[in-house]
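Comments concern the structure below.
The values are calculated or read from the model by the stated rules, or taken from the named source; none is laboratory data. Source: prediction; values computed, not measured. So basically every Cβ, Gly included, is an ideal-geometry build from the backbone, and we count neighbours across all protein chains shown. Accessible surface is based on the protein model in full, side chains and every heavy atom, while ligands, DNA and RNA are left aside. Shrake-Rupley method; radii C 1.70, N 1.55, O 1.52, S 1.80 Å.
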Amino acid sequence: MSPRYDVVVVGAGPSGSTAACICAKSGLSTLLIEEQAHIGYPVQCAGLLSTGAFEECQVSQDCVLNDVSGAVVSAGSFACSFDAGRRMAYVVDRGQLDREMAFKAADAGCEISLKTIATRVSPKEHEITVHGLKGSRDIRYSVLIAADGPRSMVARGLGIPRAPAYLSGLQCDVMYESDQDHVRIFPNASPEFFGWIIPIGPGRARIGMCGITRMYEKFQAFIHPFQDQCTQFVSGTIPLGTLSRTYDDGILITGDAAALAKPTSGGGVYTGVRSARHAAATAIAAMDEDNPGKPFFSRYEMAWKQDFGKEIQRGFSLFRFRQQITPSDMERLIAVLSDKQIRSVIASKGDMDRPWSLVLSLLFHPRMIPAYPLIGKALLKLLRSK
């Protein structure tokens with residue numbers, strides 16, 4: 001006879017562990033399955049979390065390697081630097097953070113099954129097939145929460161179309177002395193998105209980039225000065241633009257599985273954990289209902305859209321807009337942004353998780369007028385490409 005749980009969560013990243021912890025704490029029988037043998041590995045993240053994202057994870061400071069208060073954005077001979085005068089982001093050991101979150105779920109009463117791969121989902125029977133150390137087995141559920149990343153088996157099993165865009169990310173840790181208070185951003189290193197140098201402690205940094213085409217070639221050129229100093233290499237995929245649907249009968253899709261990463265930065269922890277909280281709340285409410293159908297689970301999508309949906313939608317428009325900016329125009333734009341008054345606005349209003357307010361403040365700032373021709377040129381190219 002197939003085992004049955006109130007809630008089955010697929011994927012033990014921050015989204016999955018958050019949902020599993022909340023559901024288990026509420027008294028629901030909860031199973032968290034993870035395809036890897038070790039939670040948190042392989043690491044597929046730059047490990048730069050906004051203070052808001054870190055707080056959402058509700059973990060100790062044990063995983064923190066560094067914290068930063070500002071950034072330097074460079075292109076060619078131009079640079080724009082700003083500092084908020086306060087901690088804006090944490091640099092973390094993602095493997096350790098993920099493990100702590102999973103341990104909290106276990107402490108709450110969640111059962112965890114490692115080295116277990118979900119291979120099939122049957123919404124009609126409320127059943128998922130998994131393959132692990134004990135072979136294949138079918139598991140029945142009342143609610144299934146998919147937190148299984150960019151290549152989500154659950155989303156594919158439901159026939160939901162892929163996300164509108166995917167970024168490829170490459171990164172390595174190097175022995176490199178850099179300013180410990182500032183992240184360095186290089187838009188022209190990867191013109192479809194950007195490259196970065198993140199300080200992770202004295203004499204150490206993470207150097208990486210995200211983009212769409214010819215990534216290995218661009219990455220090799222970017223890290224050439226440090227190629228003999230690499231101590232760890234990671235790669236990953238970031239889906240952008242959200243899925244067309246993030247729920248089904250008894251199924252809720254969260255985090256990267258739902259393509260909820262922020263299109264302006266590629267970060268997925270804040271939106272992933274926020275979506276997991278909404279999914280857990282929906283799952284708990286569903287257990288109080290008498291056989292809720294598909295319309296009931298649509299409330300989950302309504303909840304995350306009300307929370308941060310507009311930020312993602314607007315962020316994806318900015319992502320498309322960014323594709324139209326040439327390297328030379330990026331240099332000219334950064335020259336405008338280097339104005340002292342503009343940098344003051346960025347430092348005071350910058351928000352890694354909800355950047356739209358800053359974008360509006362910049363667009364209507366009189367010191368941005370020299371950038372209007374560049375913005376108009378990119379907008380015209382964007383409209384012509386549609």
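Annotations for the structure displayed:
- Hits in region 216-247 (condition: open to solvent by less than 20 Å² (accessible area, probe 1.4 Å) and either of a type in the set (Phe, Trp, Tyr) or touching a Leu at 6+ places or on another chain (Cβ under 6 Å) (or both)): 219
- Members of region 250-268 found to be under 12 Å from residue 160 (Cβ atoms) and in a loop (DSSP other than H, G, I, E, B), listed by number: 259
- Of all residue pairs spaced 6 or more apart or on separate chains, those with beta-carbon atoms under 9 Å, a first member in region 368-386 that is among the hydroxyl-bearing types (Ser, Thr, Tyr) and a second member that is open to solvent by 80 Å² or more (accessible area, probe 1.4 Å) are 385/320.
- Applying a threshold of 6 Å to beta carbon distances and a minimum spacing of six or more residues, or different chains, the list of pairs starting in region 28-42 at a residue that is farther than 23 Å from residue 281 by Cβ and ending at one that is at pLDDT 95 or above and open to solvent by less than 50 Å² (accessible area, probe 1.4 Å) reads 39/12; 39/98; 39/102; 40/98.
- Residues (crowded, with 24+ Cβ neighbours inside 10 Å and assigned to a helix (DSSP H, G or I)) located in region 47-56: 53
- Residue, surrounded by the most Cβ atoms within 10 Å (Cβ to Cβ), within region 339-383, restricted to residues that are among the hydrophobic types (A, V, I, L, M, F, W, C) and outside any helix (DSSP H, G or I): 352
- Scan of region 125-143 for residues that are open to solvent by 60 Å² or more (accessible area, probe 1.4 Å) and touching a residue at least 24 places away in the same chain (Cβ under 8 Å), ordered by number: 137, 140
- Residue match in region 25-46 (condition: open to solvent by less than 50 Å² (accessible area, probe 1.4 Å) and part of a helix (DSSP H, G or I)): no
- When each of 50, 77 is tested for being of a type outside the set (Asp, Glu), under 22 Å from residue 339 (Cβ atoms) and out of contact with any Lys or Arg (no Cβ under 9 Å at 6 or more places or on another chain), the lone residue that passes is 77.
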